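Novice: Before I ask anything, let me first share the structure, which is written out below as structure tokens.
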Amino acid sequence: MTRTQPKISRRAVLAGMGASLALPWLESVPAAEAKSTPSKRFACLFQGDGISPPGWWAKGNGDALELGPCLAALEPHKAQLNVINGLYNRNAGGGHARCTGNILSGVALQRGRIIRGAASMDQLLAKKFEEESAVPSLVLGCEHPVSGYHESQYSMVYASHISWQNSQSPVPIELYPSLAFDTLFGGKSGKLQGSILDHVLEQARDLRRQVSGADQVKVDEYLSSVRETEQRVKKLQASPQDDSAEKNQAQRPQGGLPGDLREYARAMCDIIALAFQTDRTRVATLLLSRDLSGQTYPFLGIRDDHHSYSHSNTGPEYQKIVGFHVEQYAYLVSKLAAMQEGDGTVLDNSCLMFVSEHWDAHNSNQLPVVLAGGLGGTLSTGRSHDYLKAGDDKRKLCSLYLSLLDRMGLELPEFGDAKQRLSGI
Amino acid sequence: MPAFLCQRRTELASVWAILSLLSVSAVAADPFQDHVAPLVKKFCGDCHNAQQTEAELNLLKYTSSAAVADDFRQWEHVITFVERGEMPPKSARQQPSAEQRAELLSAIRTIFQSEAQKVAGDPGVVLPRRLSNAEYDYSIRALTGVDIRPTQSFPVDPAAGEGFNNTGEALAMSPSLFAKLYAAAQQVADHALLTTRGVEFAPYAVATYADRAKYCEQAILQFYEDHKIDYPLYLAAAWEYRHRESSLESATPAQFAKTRRLSPKYFAALYQLLSGDPSADKYFLGWLRKRWSELPPPSGSPPKLDGKAQEAIARLTRDIATVSKQICPRETPAIVSNAGNGPILHLDRRRKTAAQRDTFDPAAVLQAEKLLLALQTTGIPTPADEKADKNKQPSPEKPDPAAQPNPTAADITASGAAFCKLFPNRFYFVDDTRGLSAGFHLIEGFFRDDQPLCRSVLSEAENRELNRLWDELDYVTDITERMLRGFVFFERSERNFLKHADFNPFKEEDPKLVLPETLAEFERVYLSRSNVKAEGEELQQHPIHTFFEQIRHGLAQRQARLRQAEPTYLKDVEAFARRAYRRPLTTEELADLRAFFHRVAAQEEQGVEAAVRASLVRILVSPYFGCHITPAPAGDTVRPLSELDLATRLSFFLWSSGPDEELLQLAEAGKLQNEAMLRTQVRRMLQAPQTTDFAREFFGQWLGYRDFPQQEAIDRAIFRDFDDPLKAAVYEEPTRLAAHLIQNDLPITRLLDADFTFVNGRLAKHYGLPFTGQPDDWRLVTGLHEQGRGGILGMAVFLAKNSQPQRTSPVKRGFWVVHKLLGEHIPAPPADVVALPAKETDTGGKTIRELLALHVEDEKCSRCHVRFDAVGLAMEGFDAIGKRRLKDLAGRPVDNVVRLPNGDEARGVPAFASYLASARRDDFLHTLNRKLLGYALGRSLQLSDEPLLAEMHAVQNRQNDRLLPLIETIVLSPQFRNQRCRDFSVAQFRQQNQKATP
């Protein structure tokens, strides 16, 4: 009788793990193994219904880089920026819904009852990093997803989700800042998991008492597997990296949904910043407002909702709305810029993207894109670009994604509608 | 005679009967000291000693009969080699005489026999273990009713024992695997759907709203599809009923419809309408009945719908549709793309449309005479009529027929109403792109529009079912609240109607929006801003009020359903736990589970749904689900397994998953440890579909095809026919055949030589067999022998698995037959083997047979290869993907001749398989028996199992090689039904055994 044990490396086993694995499996990389190069992170902040074109421009490079009024909030960080105009998403088309569900995947969406798109680039990154980070990705939103149908017969599910785990299903959006925090630090699922694992351990211990001899060895094998898993969960809950548990717990946002959008957006940005700082996750998306948004901005002194104003997007109200979104983005940029990491900052090792599905009211002939951060020195910053006249093959949004994915170590032959990297980035 | 065809050593088990006749005491007191030890020392000890362990075997270390018995596997090999004359080797210093060989063999067998008898029926050590991947997947399927297969990404299970992965030796647990199991549990929990009836499982994850909605919507769409009315089908059936044979004379229309799987209700009404007196109605019914009576009668008996009648029915169908279109109310568009339309008015329009689909449009009265005239003269309305029809306006209100001055109008109306009831403009409405979605811009909502179907087609039970499906959709999607919130958003943002300051208190995101007082106030403001002054009855009828009433009703209904359903969720979770643990939960466990559920449900951020999912995860990661652990009872011998443990053991043996409700109940009632009941259950279980799982797991592992999906390495550049559908089909074929043999109680030896097999469209094409079914159907086909196939030797999966990526491999194929099927022990090849060429075209001009002959030149290789190389040639008529061929890839004619021991030649698979099934039947069955018993017990076999193996073979001889009696024998055996006690001692057991069998 030979006992055959397959030689399976731990890495191979982990590589086979499904994306659904919510167990915070690997604890943070211990200090002893501190990496020589910090990890790279990617976040995307989305604003629905387009920007206000007259105020959205940038020209020049380096010290000579000038920003339009809508981008004013980014002035302090312009050395870290790439303002990219003129890109487009070929499979988007105008109108609503059909240009948002694919903003991060670039595929044509299916009309009607059947939901079909493709996995988004942030989720491909999440998959790539799932072994190395506690939480594969954060998918956050400040506005409720809707369903129903747009008059173009595209499901409004597309309008509410930019992150897609596969062709049929969006990643459920976390709307609660407190729960997003718990996901990150093992609170939400962690507490539940802790309790479940405790229970399993208890059962295994009971069983162990009932068996003897060789049987005990087998039960021990089970017991130690559960115990080790529990230890990891506990460790994860207790202390991320060098921060004390108390310090992090103190940052936990209040339960429930914030009533004021300003607080709401800041809370979500704080979580992304914390996640990146602690390297809990390297991928995040935040839907500040959905496509066909119903957000209201009483604090800006305007009464109607987001989408209504977007139809007159050159007006002062919509400029204010756009300005507000850019401020949130600038807030996150400044937070990361203030976080020291190695010789630089977390921002230096990240790429924060700001994007909307429209340019001019309901037209997606081109898209507003801003990148902040140097992605570990692989991305030069302090630049403005305009690809509008470069020719359609040379101004694809998905080409930009290929270029970014390359820099994050995920080299794909093609993505969405693009086979070529974006030149000049 | 080639060495490979030497009859296998006389099987220990088959001489058992003879040996048993000898009184043990008649043999020398100690056969080991008297016979074995001296001979072994003399003839084997030169090479197999402590210093020089040739073949890793030291034969001098054994000092007693008991020691030989303990290591009986090794000594079985000794028997094999000595009996064949392979040992001592030709080069040995001295050879034993024939008598000495016989003396040694007889003594070893005597030791085996006497030692085995003493401990016969020992349950052995069955280690605790986790579920294998396959068992996990099948168990999940049994628990949820859907095939989720969460272990697809798990590492492949290793095998141990008798070569199966269902043993404790094989199945280890590790932290990484536990993490995977945890993830798998979460994946399963994501399939849980909380319905009005309790916890159900969807075939895909339903953790998001869109997936939940899809699941419920799909169920309704499927129901509609299953109950749609196809006029030609019904008219043809009515025609056949009218001309039915005398034997069917007394059948009512409803009874007749049932035999045709048509709606009895609709068919009966239709037949009544058609067969009425044509002269009794001058209008639509009169016309219809006349046309009906004019249909050509059948030309012969029994009445067969011929081309003429079929054509006439097609014409009638067309005309009915035309008339229906003209006299039923016109449909308003169900989807309004213009955002300016108010949802309330839109809903009102749809409600009216839905209510009138099967009514007569009073406006049609005016054109009725003209239409009827056209029908009666030309039979088909002229294009001018079509045009006139387009100009027809739907009348907003139904005029009272009684108020019509013309009495004809009343008659026309009555005739039209009867017609429209059965021929509505639609039976139900499903939008092509939006499905059941209500179709008001951006607002999520569903609109039910199926009244003709419910009124005229569905039975009461079917109506209840459809209502339930709609209830489920509303409940699962919480659609009323969604619709209300969407409505507020839309009316404010898109229609600007709510932008008036009066509406400021009503916000899309406000949790209080759904409160009755908020809604009442909302309605009041809405009515007032819409300048509606109506009161009393008029208000009750007003669309705005109707809308708010509908919202209130929906919210209240959802609340009521929730209150009703919530307690069932915990109950379902408890029932799930019982099935998962394969036993009732203890009182403490139950209390603990409930406490956990309530604790999670009570958390604001979690809730009931999260509680259900978390509880399911908790159950699925429990060792009581994920492991087989049967704590040993106190004592020093053996005890019967508990009823529940026996149920588990039985169901994992025959189904590779946990006990079903019947087994669990029997066990709980203490009725399973009973011979008659065990037999009954085995029979029942083998007739269940899960027998396919048994076939896949047992035969798949024994015959070595279970890992084909993962291990297949065919070079598709060379074998271009090989694609994924073919791969799936060849993998499934042997499982289908084996399950068929079991369930039809056919000899299991048919596996070797059956003239039939199962194929789907793809596999039939591959085998060059005619196929008439749908491509995905599996059909039993016969006449394989004519095609050069038959039995497993001709199955593509084995031919492919035992080939090289670019060519066939007679070596691998032969080895597979001799080792896997006939159970011959063949040691692993030495490290320095010479590889055969990778391609059939690279043989340097030699034939395959010549190449194989090279093996035999080298003594080191030939010792084994002569036993199987030539066997593989029998299968040379099939290429590396099992396609039949006359020439190999180098263009040589195939050489598939094998010389048999009697001097005959077997050409190809059927002849060789027939030899295997007859001359080598015993070898095949002995192998099967060892494998099956090892699989059933989940451990390696031991000497104490030999008497049972002998009994199994005796059963086979009596029972025509059928598997069922064999499985019964195993299930009834003491090793299957008992377990060792905590302080098991062989001595005690031996003593007890001897008392029991004096």
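The values are calculated or read from the model by the stated rules, or taken from the named source; none is laboratory data. In this text, all values refer to a predicted model and were calculated from it rather than measured experimentally. Because the Cβ atoms are built from the backbone with ideal geometry, glycine has one as well, and the counts that use them run over all protein chains shown. With ligands, DNA and RNA removed, areas are computed over all heavy atoms of the protein, side chains included. Shrake-Rupley method; radii C 1.70, N 1.55, O 1.52, S 1.80 Å.
Novice: Within segment A:87-123, which residues are outside any loop (DSSP other than H, G, I, E, B) and open to solvent by 20 Å² or more (accessible area, probe 1.4 Å)?
Specialist: Once the filter is applied, which keeps residues that are outside any loop (DSSP other than H, G, I, E, B) and open to solvent by 20 Å² or more (accessible area, probe 1.4 Å), segment A:87-123 yields A:Tyr88, A:Gln123.
Novice: Consider A:His385 carefully, then state whether it is open to solvent by less than 50 Å² (accessible area, probe 1.4 Å), over 19 Å from the mean Cα position of the chain (by Cα) and more than 30 Å from A:Gly342 (Cα to Cα).
Specialist: no
Novice: Working carefully through the options B:Gly435, B:Gly416, find the one that is within 12 Å of chain A (Cβ to nearest Cβ), in contact with a helix residue (DSSP H, G or I) (Cβ under 7 Å, 6 or more places away or on another chain), of a type in the set (Gly, Ala, Ser) and surrounded by 19 or more Cβ atoms within 10 Å (Cβ to Cβ).
Specialist: Exactly one residue qualifies, and that residue is B:Gly435.
Novice: Against the definition (under 22 Å from B:Ala461 (Cα atoms) and aliphatic (A, V, I, L, M)), how does B:Ala309 come out, yes or no?
Specialist: Considered against the rule, which asks whether it is under 22 Å from B:Ala461 (Cα atoms) and aliphatic (A, V, I, L, M), B:Ala309 comes out as no.
Novice: On to the next question. If I go through segment B:188-200 residue by residue, how many of them are touching a Gly at 6+ places or on another chain (Cβ under 9 Å) and buried (at least 21 other Cβ atoms within 10 Å of the Cβ)?
Specialist: Total meeting the criteria: 0.
Novice: So which residues in segment A:67-86 are farther than 13 Å from A:Phe354 by Cα, outside any helix (DSSP H, G or I) and either in contact (Cβ under 8 Å) with a residue 60 or more places away in the chain or aliphatic (A, V, I, L, M) (or both)?
Specialist: Passing the criteria: A:Leu67, A:Gly86.
Novice: With respect to A:Ser212, is the statement that it is open to solvent by less than 30 Å² (accessible area, probe 1.4 Å) and among the hydroxyl-bearing types (Ser, Thr, Tyr) true?
Specialist: Against the criterion (open to solvent by less than 30 Å² (accessible area, probe 1.4 Å) and among the hydroxyl-bearing types (Ser, Thr, Tyr)), A:Ser212 does not qualify.
Novice: Any idea how many residues of segment A:349-382 are of a type in the set (D, E, K, R) and open to solvent by 40 Å² or more (accessible area, probe 1.4 Å)?
Specialist: First pass over segment A:349-382, keeping only residues of a type in the set (D, E, K, R): A:357, A:360.
Subset that is open to solvent by 40 Å² or more (accessible area, probe 1.4 Å): A:360.
Number of matching residues: 1.
Novice: Can you spot a residue in segment B:347-356 that is over 45 Å from the mean Cα position of the chain (by Cα), among the β-branched types (Val, Ile, Thr) and farther than 30 Å from B:Ser246 by Cβ?
Specialist: Taking every residue of segment B:347-356 in turn, none turns out to be over 45 Å from the mean Cα position of the chain (by Cα), among the β-branched types (Val, Ile, Thr) and farther than 30 Å from B:Ser246 by Cβ.
Novice: What are the residues in segment B:787-825 that are farther than 28 Å from B:Ala764 by Cα and either among the hydroxyl-bearing types (Ser, Thr, Tyr) or open to solvent by 20 Å² or more (accessible area, probe 1.4 Å) (or both), if any?
Specialist: B:His819, B:Gly823, B:His825
Novice: Do we have any residue at all in segment B:8-20 that's farther than 30 Å from B:Tyr915 by Cα and either at pLDDT below 85 or not aromatic (Phe, Trp, Tyr) (or both)?
Specialist: There is at least one residue in segment B:8-20 that is farther than 30 Å from B:Tyr915 by Cα and either at pLDDT below 85 or not aromatic (Phe, Trp, Tyr) (or both).
Novice: So A:Tyr264 clears everything in (1) touching a residue at least 24 places away in the same chain (Cβ under 8 Å); (2) touching a Ser or Thr at 6+ places or on another chain (Cβ under 9 Å); (3) within 14 Å of chain B (Cβ to nearest Cβ) except one condition, right? Which one?
Specialist: With respect to (1) touching a residue at least 24 places away in the same chain (Cβ under 8 Å); (2) touching a Ser or Thr at 6+ places or on another chain (Cβ under 9 Å); (3) within 14 Å of chain B (Cβ to nearest Cβ), A:Tyr264 is out only on (2).
Novice: Kindly indicate whether any position in segment A:308-318 is part of a helix (DSSP H, G or I) and touching a residue at least 60 places away in the same chain (Cβ under 8 Å). First the steps, then the outcome.
Specialist: Start the filter on segment A:308-318 by keeping residues that are part of a helix (DSSP H, G or I), which leaves A:308-310, A:316-318.
In the following step, the residues that additionally are touching a residue at least 60 places away in the same chain (Cβ under 8 Å) were identified as A:310, A:318.
So far as segment A:308-318 goes, yes, one or more of its residues are part of a helix (DSSP H, G or I) and touching a residue at least 60 places away in the same chain (Cβ under 8 Å).
Novice: Residues in segment A:146-186 that are aliphatic (A, V, I, L, M) and more than 7 Å from chain B (Cβ to nearest Cβ): how many?
Specialist: So the count comes out to 7.
Novice: Here is a further query. Name the pairs: first residue in segment A:131-142 and open to solvent by less than 10 Å² (accessible area, probe 1.4 Å), second residue basic (Lys, Arg), Cβ to Cβ under 8 Å, at least 6 apart or on different chains?
Specialist: Once the first residue is open to solvent by less than 10 Å² (accessible area, probe 1.4 Å) and sits in segment A:131-142, its partners that are basic (Lys, Arg) give A:Ser133/A:Arg280; A:Ser133/A:Arg282; A:Gly141/A:Arg290.
Novice: Anything in segment B:121-145 that is in a loop (DSSP other than H, G, I, E, B) and open to solvent by less than 20 Å² (accessible area, probe 1.4 Å)? List them, or say none.
Specialist: Within segment B:121-145, B:Gly121, B:Asp122, B:Pro123, B:Gly124, B:Pro128, B:Leu131, B:Ser132 qualify.
Novice: So, of the residues in segment B:708-722 that are open to solvent by 50 Å² or more (accessible area, probe 1.4 Å) and in contact (Cβ under 8 Å) with a residue 24 or more places away in the chain, which turns out to be farthest from the chain's Cα centre (by Cα)?
Specialist: B:Ile718
Novice: Only one of (1) of a type in the set (Lys, Arg); (2) within 18 Å of the chain's Cα centre (by Cα); (3) in a loop (DSSP other than H, G, I, E, B) fails for A:Lys128. Which number is that?
Specialist: Unmet condition: (3).
Yes/no matrix, rows are residues, columns are (1) of a type outside the set (D, E, K, R); (2) over 16 Å from B:Lys812 (Cα atoms); (3) open to solvent by less than 40 Å² (accessible area, probe 1.4 Å); (4) in contact (Cβ under 8 Å) with a residue 24 or more places away in the chain:
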{"site": "B:Val871", "(1), (2), (3), (4)": "yes, no, yes, yes"}
{"site": "B:Ala880", "(1), (2), (3), (4)": "yes, no, yes, yes"}
{"site": "B:Lys887", "(1), (2), (3), (4)": "no, yes, no, no"}
{"site": "B:Val897", "(1), (2), (3), (4)": "yes, yes, yes, yes"}
{"site": "B:Asn902", "(1), (2), (3), (4)": "yes, yes, no, no"}
{"site": "B:Gly908", "(1), (2), (3), (4)": "yes, yes, yes, yes"}
{"site": "B:Ala913", "(1), (2), (3), (4)": "yes, yes, yes, yes"}
{"site": "B:Arg920", "(1), (2), (3), (4)": "no, yes, yes, yes"}
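Novice: Could you list, in sequence order, the residues of segment A:218-231 that are at pLDDT 85 or above and more than 7 Å from chain B (Cβ to nearest Cβ)?
Specialist: If the condition is that a residue be at pLDDT 85 or above and more than 7 Å from chain B (Cβ to nearest Cβ), then A:Asp220, A:Leu223, A:Ser224, A:Arg227 are the ones that fit.
Novice: If you check B:Glu588, B:Glu574, B:Glu604, which single one turns out to be charged (D, E, K, R), within 10 Å of chain A (Cβ to nearest Cβ) and open to solvent by 10 Å² or more (accessible area, probe 1.4 Å)? Break it down stepwise before answering.
Specialist: On the way: B:Glu588 fails: within 10 Å of chain A (Cβ to nearest Cβ); B:Glu574 fails: within 10 Å of chain A (Cβ to nearest Cβ).
Result of the check over B:Glu588, B:Glu574, B:Glu604: B:Glu604.
Let's see how each residue does on (1) in a helix (DSSP H, G or I); (2) farther than 18 Å from B:Phe446 by Cα:
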| site | (1), (2) |
| --- | --- |
| B:Leu469 | yes, no |
| B:Glu472 | yes, no |
| B:Val488 | yes, no |
| B:Leu498 | yes, yes |
| B:Asp502 | yes, yes |
| B:Glu509 | no, yes |
| B:Thr518 | yes, yes |
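Novice: Within segment B:205-231, track down each residue that is at the interface with chain A (Cβ under 8 Å from one of its Cβ atoms) and under 22 Å from A:Gln165 (Cα atoms).
Specialist: B:Ala205, B:Ala207, B:Thr208, B:Tyr209, B:Ala210, B:Asp211, B:Ala213, B:Lys214
Novice: Which of the residues spanning segment B:85-105 are surrounded by fewer than 16 Cβ atoms within 10 Å (Cβ to Cβ) and touching a residue at least 60 places away in the same chain (Cβ under 8 Å)?
Specialist: To start, the set of residues in segment B:85-105 that are surrounded by fewer than 16 Cβ atoms within 10 Å (Cβ to Cβ) comprises B:85-86, B:89-95, B:97-99, B:102.
Matches in segment B:85-105: B:Glu86 only.
Novice: While we're on this one: Would you check which residues across segment B:785-825 are closer than 9 Å to B:Met875 by Cβ and of a type in the set (D, E, K, R) and list them? Steps first, please.
Specialist: In the first step, residues of segment B:785-825 are kept if they are closer than 9 Å to B:Met875 by Cβ; the result is B:793-794, B:798-799, B:802, B:808, B:810, B:813-814, B:817.
Within segment B:785-825, just B:Arg813 meets the criteria.
Novice: For B:Tyr569, which of the numbered conditions (1) in contact with a strand residue (DSSP E or B) (Cβ under 9 Å, 6 or more places away or on another chain); (2) within 14 Å of chain A (Cβ to nearest Cβ) fails to hold?
Specialist: So B:Tyr569 meets the others, but not (2).
Novice: Hey, can you tell me all the residues within segment B:246-303 that are closer than 23 Å to B:Cys454 by Cα, in contact (Cβ under 8 Å) with a residue 60 or more places away in the chain and outside any loop (DSSP other than H, G, I, E, B)?
Specialist: B:Pro264, B:Lys265, B:Tyr266, B:Ala269, B:Leu270, B:Leu273, B:Leu285
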